[in-house]
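Note sheet for the following structure.
The values are calculated or read from the model by the stated rules, or taken from the named source; none is laboratory data. Since we're looking at a predicted model, the values are computed, not measured. Every residue, glycine as well, gets a Cβ built from its backbone with ideal geometry; the counts of neighbours run over all protein chains shown.
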Amino acid sequence: MSRYLPPSSTFSEEDWLDDEGWGFARRNRSLAARLAALGVLALITVGVALGSAGAVLEWQNDDRSCLSCHTPQHRAYVERAEVALGGAIAPDLASYHAQHLHGIGETLRCIDCHRGDGGVRARAETLWLSAHMAVRWLAGVDDRRIEKTTLTTTIVGGVTRTVAPTTLALFTPHLSNDGCVRCHVDTLLRLGMDNHMHNMLPAAYALWRSGAALRLPRGMSETEGAALIARGLASYETTLQCSNCHQAHRSLDTARYLDWQNVVKPACEQCHREVGAGPEVVNVPEE
């Protein structure tokens, strides 16, 4: 069978034939070269992207990265922690954490409470959140209020100050919640009705189901608590998370930095409504 070249071709017949004389060898070689080049370019792009992401993650480990964009509110939070580290009474819960850890030879960075459980997914979400917040900052629409609370007033150093109300909406609330869980496993898994506000949270149930050991109430022997351990934890469907009661960046001159009447009491009642158990009206202790 005769084979013909295109009339306009400047190539010889051998240029167009593959090893068996039927293909277009040169064209195939050219295509393979282009695909190889694209593959190398893709690898370089992925490498640069991963390197950039790694650099950003490393940059986030330094509190100065927070101050470079999130001002003035985040500058105020860092300054509060610095004052507490200097020996002053910590004005808010976040500063107290920094002060406590400093006292036992450890260091608390901003990112430690804002990157979730530190897993791959959480780190990716942290990168996305950082980019999102950076865009909001550049657009001038970031929330620059220091006292983020649903209340209209707050007490700082014994002086009542007016603050703008906010819903305390979080873009990725599970990140901050998971940050709390990483360090407070003992609190979440301690059994007993006196600690039901913690051990009945979904986070406590998830920890237990993942294999974490339950803790007996303080002062209870293993023999006395055997039935509690055997019963385990129940799953309750509630949207409550740690931040519903514990407002890390709100200055409070109260025990355990809790606003019992205006924050804790409504949170307890909300949980009771959601799970369909417990009193509709809760009486919480005064400060």
Expected single match for out of contact with any helix residue (DSSP H, G or I) (no Cβ under 9 Å at 6 or more places or on another chain) and of a type in the set (Ser, Thr, Tyr) among SER235, SER243, SER221 is SER221
Matching residues in the stretch 184-209 (hydrophobic (A, V, I, L, M, F, W, C) and without any contact (Cβ under 8 Å) to a residue 24 or more places away in the chain) number 3
Regarding the stretch 43-55, can at least one residue be identified that is over 20 Å from the mean Cα position of the chain (by Cα), modelled with pLDDT of 80 or more, over 20 Å from ARG256 (Cα atoms) and not hydroxyl-bearing (Ser, Thr, Tyr)? no
Here the residues within the stretch 60-79 that are under 18 Å from the mean Cα position of the chain (by Cα) and either modelled with pLDDT of 70 or more or not in a helix (DSSP H, G or I) (or both) are ASN61, ASP62, ASP63, HIS70, HIS74, TYR77
Given (1) touching a Gly at 6+ places or on another chain (Cβ under 7 Å); (2) over 21 Å from ASP186 (Cβ atoms), PRO217 misses just (2)
Among residues of the stretch 253-279 being part of a loop (DSSP other than H, G, I, E, B) and at positive phi, the residue surrounded by the most Cβ atoms within 10 Å (Cβ to Cβ) is GLY278
By residue number, the members of the stretch 229-252 that are part of a helix (DSSP H, G or I) and either at pLDDT 90 or above or among the aliphatic types (A, V, I, L, M) (or both) are ILE229, ALA230, ARG231, CYS242
Selection from the stretch 258-274 of residues farther than 11 Å from ASN244 by Cβ and in contact (Cβ under 8 Å) with a residue 60 or more places away in the chain yields ASP259, ASN262
Selection over the stretch 80-101 where residues are part of a helix (DSSP H, G or I), under 22 Å from the mean Cα position of the chain (by Cα) and not aromatic (Phe, Trp, Tyr) yields a count of 10
When (1) among the hydrophobic types (A, V, I, L, M, F, W, C); (2) on the phi < 0 side of the Ramachandran plot; (3) in contact with a strand residue (DSSP E or B) (Cβ under 9 Å, 6 or more places away or on another chain); (4) modelled with pLDDT under 90 are applied to PHE171, the one that fails is (3)
Pairs returned, first residue in the stretch 119-143 that is under 22 Å from VAL181 (Cβ atoms), second residue that is surrounded by fewer than 13 Cβ atoms within 10 Å (Cβ to Cβ), beta-carbon separation under 7 angstrom, 6 or more apart or interchain, are LEU129/PHE171
